[in-house]
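S.K.: Once you've had a glance at the structure underneath, I'll fire off some questions.
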Amino acid sequence: MRLVHSGKVRELYLDESRDPAQLLLVASDRLSIYDVVLPTPVPDKGAILTALSLYWFERTADLVPNHVIGTDDVPAEFAGRAVRCRPLEMLPVECIARGYLTGLGLKEYRRTGAVSGVALPPGLVEGSTLPEPIFTPTTKAPVGEHDEFMTFDDVVALLGADTAARLRELTLEVYRRGAESAAQGGILVADTKLEFGRDTSGEIVLGDEVLTPDSSRFWPADSYEPGRAQFSFDKQYVRDWSAGLDWDRTAPGPEVPDEVVTVVHDRYAEVYRRITGTPWTSPTA
């Protein structure tokens with residue numbers, strides 16, 4: 001297999017021994033915040049992301065086809081964190097759905113009263129529930145650079161009206177499905193990022209990862225309270241930790257202490273349990 005791409009968290013290999021050729025998507029234990037890869041890995045992180053993505057791919061397959069072929073016959077060193085996939089021509093837009101106002105969306109709202117051109121009611125605060133989920137796409141920046149908000153019209157100009165409308169529709173459908181399902185385990189999905197591509201027939205296909213703690217904000221419903229920062233089962237804990245450092249959010253990132261690594265692992269494992277109903281078991285245990 002040939003390495004064809006290395007991202008912040010994942011490696012992509014091309015297996016040309018298959019006919020047609022397949023991709024092997026491998027999730028590492030690397031941790032990234034603010035588009036910077038931190039030097040300290042989180043044990044099991046790649047396996048949790050892979051398992052949770054597979055859980056959601058299966059449960060959204062009736063909404064949109066996905067790139068998954070299977071998890072059998074992968075190299076031993078990638079066991080538990082690799083997925084065989086169909087090659088896709090990825091679309092150059094990060095498709096984000098928001099059901100709650102937080103993070104960069106909140107900053108944009110405070111500045112303009114809107115997020116990605118979607119006007120929102122006045123008086124919203126940190127963690128406010130939005131009147132309905134909204135589509136807030138961003139650019140797909142290279143590693144080390146930051147994504148920028150796009151309006152729906154920007155997506156239309158880039159990809160055409162029909163594709164833009166389909167991406168918005170699919171993003172919101174997958175978000176709603178995920179939010180409804182996660183709520184059964186006491187989890188609020190504040191927002192999530194999806195990536196889509198086209199297969200050889202031109203059909204839009206869901207790829208990358210789905211509704212993981214790396215691509216979403218997960219909050220416990222029983223402690224949710226608008227007007228303050230929420231407890232999070234995602235990377236927000238690491239962002240908050242880094243805020244107390246003398247670091248300008250550019251590479252190289254800071255080393256992460258053991259106690260922070262442990263918290264991240266435990267929160268990822270806990271949200272996996274709450275969403276799937278199954279306790280996390282390390283594939284290396």
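The values are calculated or read from the model by the stated rules, or taken from the named source; none is laboratory data. For clarity, every value in this text was computed on a predicted model and none was experimentally measured. A quick note on method: Cβ atoms are made from the backbone with ideal geometry, for glycine too, and the neighbour counts reach across all protein chains shown. For the accessible areas, the whole protein counts, side chains as well, though only heavy atoms, and no ligand, DNA or RNA atoms are used. Shrake-Rupley method; radii C 1.70, N 1.55, O 1.52, S 1.80 Å.
S.K.: Every residue in segment 181-214 that is over 16 Å from residue 60 (Cβ atoms) and of a type outside the set (A, V, I, L, M, F, W, C), please.
M.R.: Within segment 181-214, 185, 186, 191, 198, 199, 200, 201, 202, 213, 214 meet the criteria.
S.K.: Related question: So if I check each of 158, 167, which one is at pLDDT 95 or above, crowded, with 18+ Cβ neighbours inside 10 Å, in contact with a strand residue (DSSP E or B) (Cβ under 9 Å, 6 or more places away or on another chain) and not polar (S, T, N, Q)?
M.R.: On the way: 158 fails: crowded, with 18+ Cβ neighbours inside 10 Å.
Exactly one residue qualifies, and that residue is 167.
S.K.: Name every residue in segment 5-21 that is in a strand (DSSP E or B), over 21 Å from the mean Cα position of the chain (by Cα) and at pLDDT below 90, in order of residue number.
M.R.: The initial filter retains those residues of segment 5-21 that are in a strand (DSSP E or B), namely 5-6, 10-15.
Narrowing the set further to residues that are over 21 Å from the mean Cα position of the chain (by Cα) leaves 14-15.
The one that is in a strand (DSSP E or B), over 21 Å from the mean Cα position of the chain (by Cα) and at pLDDT below 90: 15.
S.K.: Also: Suppose we filter segment 221-232 for residues that are in contact with an Asp or Glu (Cβ under 9 Å, 6 or more places away or on another chain) and open to solvent by 10 Å² or more (accessible area, probe 1.4 Å); how many remain?
M.R.: Taking segment 221-232 and keeping what is in contact with an Asp or Glu (Cβ under 9 Å, 6 or more places away or on another chain), we get 226-230, 232.
When the remaining residues are screened for being open to solvent by 10 Å² or more (accessible area, probe 1.4 Å), the result is 226-230.
Adding up the residues that qualify gives 5.
S.K.: For segment 45-99, which positions are touching a Cys at 6+ places or on another chain (Cβ under 8 Å) and closer than 21 Å to residue 182 by Cβ?
M.R.: Residues of segment 45-99 touching a Cys at 6+ places or on another chain (Cβ under 8 Å): 67-69.
Scanning segment 45-99 gives a single hit, 68.
S.K.: Out of all the residues in segment 76-96, which are open to solvent by less than 30 Å² (accessible area, probe 1.4 Å) and part of a loop (DSSP other than H, G, I, E, B)?
M.R.: 91 - this is the single residue of segment 76-96 that is open to solvent by less than 30 Å² (accessible area, probe 1.4 Å) and part of a loop (DSSP other than H, G, I, E, B).
S.K.: Go over the candidates 70, 46 one by one and state the one that is crowded, with 17+ Cβ neighbours inside 10 Å, within 26 Å of residue 278 (Cα to Cα) and small (Gly, Ala, Ser). Show your work before the answer.
M.R.: Working: 70 fails: crowded, with 17+ Cβ neighbours inside 10 Å.
Exactly one of 70, 46 is crowded, with 17+ Cβ neighbours inside 10 Å, within 26 Å of residue 278 (Cα to Cα) and small (Gly, Ala, Ser), namely 46.
S.K.: With 194, 245 as the choices, which residue is modelled with pLDDT of 95 or more and not hydroxyl-bearing (Ser, Thr, Tyr)? Can you show your working first?
M.R.: Values: 245 fails: modelled with pLDDT of 95 or more.
Result of the check over 194, 245: 194.
S.K.: Before we move on, is residue 174 under 18 Å from residue 208 (Cβ atoms), in contact with a Ser or Thr (Cβ under 8 Å, 6 or more places away or on another chain) and modelled with pLDDT of 95 or more?
M.R.: Numbers: under 18 Å from residue 208 (Cβ atoms): yes; in contact with a Ser or Thr (Cβ under 8 Å, 6 or more places away or on another chain): yes; modelled with pLDDT of 95 or more: yes.
Spelling it out, residue 174 is indeed under 18 Å from residue 208 (Cβ atoms), in contact with a Ser or Thr (Cβ under 8 Å, 6 or more places away or on another chain) and modelled with pLDDT of 95 or more.
S.K.: With 178, 99 as the choices, which residue is in a strand (DSSP E or B) and either under 24 Å from residue 56 (Cα atoms) or of a type outside the set (Val, Ile, Thr) (or both)?
M.R.: Values: 178 fails: in a strand (DSSP E or B).
After applying the criteria, what remains is 99.
S.K.: Next question, about the same structure. Only one of 175, 268 is under 21 Å from residue 80 (Cα atoms), among the aromatic types (Phe, Trp, Tyr) and open to solvent by less than 50 Å² (accessible area, probe 1.4 Å). Can you tell me which?
M.R.: Working: 175 fails: under 21 Å from residue 80 (Cα atoms).
Matching residue, one of 175, 268: 268.
S.K.: Every residue in segment 198-220 that is more than 15 Å from the chain's Cα centre (by Cα) and not hydrophobic (A, V, I, L, M, F, W, C), please.
M.R.: Going through segment 198-220, the residues more than 15 Å from the chain's Cα centre (by Cα) turn out to be 198-205, 220.
Scanning segment 198-220 gives 198, 199, 200, 201, 202, 203, 220.
S.K.: Out of all the residues in segment 30-71, which are free of Cβ contacts under 8 Å to residues at least 12 places away in the same chain and not in a loop (DSSP other than H, G, I, E, B)?
M.R.: Within segment 30-71, the subset free of Cβ contacts under 8 Å to residues at least 12 places away in the same chain is 58, 61-62.
58 - this is the single residue of segment 30-71 that is free of Cβ contacts under 8 Å to residues at least 12 places away in the same chain and not in a loop (DSSP other than H, G, I, E, B).
S.K.: What about residue 232, is it under 15 Å from the mean Cα position of the chain (by Cα) and without any contact (Cβ under 8 Å) to a residue 40 or more places away in the chain?
M.R.: Spelling it out, residue 232 is indeed under 15 Å from the mean Cα position of the chain (by Cα) and without any contact (Cβ under 8 Å) to a residue 40 or more places away in the chain.
S.K.: Go through segment 102-142 and give me each residue that's open to solvent by less than 40 Å² (accessible area, probe 1.4 Å), assigned to a loop (DSSP other than H, G, I, E, B) and over 15 Å from residue 225 (Cα atoms).
M.R.: 113, 116, 120, 136, 137, 141
S.K.: When only residues in segment 240-265 that are of a type in the set (Gly, Ala, Ser) and closer than 20 Å to residue 218 by Cβ count, which is most open to solvent (accessible area, probe 1.4 Å)? Working first, answer last.
M.R.: Just the residues of segment 240-265 that are of a type in the set (Gly, Ala, Ser), to begin with: 242-244, 251, 253.
Adding the requirement that they be closer than 20 Å to residue 218 by Cβ leaves 242-243.
Values: 242: 7, 243: 73 Å².
Filtering first and then ranking leaves 243.
S.K.: With the condition kept exactly as written, say whether any residue in segment 64-76 is among the acidic types (Asp, Glu) and more than 24 Å from residue 16 (Cβ to Cβ). Spell out how you get there, then give the answer.
M.R.: Initially, segment 64-76 is screened for residues among the acidic types (Asp, Glu), giving 72-73.
Next, only the ones that are more than 24 Å from residue 16 (Cβ to Cβ) stay: none.
Within segment 64-76, none of the residues are among the acidic types (Asp, Glu) and more than 24 Å from residue 16 (Cβ to Cβ).
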